[in-house]
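The values are calculated or read from the model by the stated rules, or taken from the named source; none is laboratory data. Just so it is clear, the structure is predicted and the values come from calculations on it, not from any experiment. With ideal geometry, Cβ positions are generated from the backbone for all residues, glycine too; neighbour counts draw on all protein chains shown. Accessible surface areas use protein heavy atoms only, side chains included; no ligands, DNA or RNA. Shrake-Rupley method; radii C 1.70, N 1.55, O 1.52, S 1.80 Å.
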Amino acid sequence: DCVNANGGINGRPIEYLVEDDQWNPEVAAQVATKLVKDEEVVALVGNASFVAMGVNAKLYEEQGVMAMASGCAVAECFESKNIVS
């Protein structure tokens with residue numbers, strides 16, 4: 001709220017969206033595509049889905065989106081330049 005009250009980040013307000021991938025690879029891909037391509041997010045914060053990291057690492061890199069995971073234990077978390085834990 002404080003950041004948004006002061007103009008957001010580079011003039012853009014922060015908007016929090018919550019999605020559940022149900023630990024299902026197909027749903028994880030659909031949710032990521034919705035957020036990245038339809039909602040045009042620039043970052044994902046707080047992701048804790050191991051499924052999503054493995055399924056979506058390539059999408060995040062291709063679209064230039066950062067995923068800042070709250071927990072990570074799959075190879076993609078450490079090998080992708082667009083995923084940080």
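I need a count of the residues in segment 42-85 that are in contact with an Asp or Glu (Cβ under 8 Å, 6 or more places away or on another chain) and open to solvent by less than 70 Å² (accessible area, probe 1.4 Å).
9
Only residues in segment 1-21 that are within 20 Å of Asn47 (Cα to Cα) count as the first member; pair them with residues that are surrounded by 10 or more Cβ atoms within 10 Å (Cβ to Cβ) and of a type in the set (D, E, K, R), Cβ under 8 angstrom, at least 6 apart or cross-chain, and list the lot.
Leu17/Glu39; Glu19/Lys34
Quick check on segment 24-40. Is at least one of its residues touching a residue at least 24 places away in the same chain (Cβ under 8 Å) and over 13 Å from the mean Cα position of the chain (by Cα)? Even if it seems obvious, please write down each step before you answer.
Our first condition is that a residue be touching a residue at least 24 places away in the same chain (Cβ under 8 Å); within segment 24-40, this holds for 24-25, 28-29, 32-33, 36-37.
Checking which are over 13 Å from the mean Cα position of the chain (by Cα) leaves us with 24-25.
Yes, some residue in segment 24-40 is touching a residue at least 24 places away in the same chain (Cβ under 8 Å) and over 13 Å from the mean Cα position of the chain (by Cα).
Condition (residue is aliphatic (A, V, I, L, M), in a loop (DSSP other than H, G, I, E, B) and open to solvent by 60 Å² or more (accessible area, probe 1.4 Å)) applied to segment 26-41: is it met by at least one residue?
Scanning segment 26-41, I find no residue that is aliphatic (A, V, I, L, M), in a loop (DSSP other than H, G, I, E, B) and open to solvent by 60 Å² or more (accessible area, probe 1.4 Å), so the answer is no.
Before we move on, is Glu62 out of contact with any Ser or Thr (no Cβ under 6 Å at 6 or more places or on another chain) and in a loop (DSSP other than H, G, I, E, B)?
no
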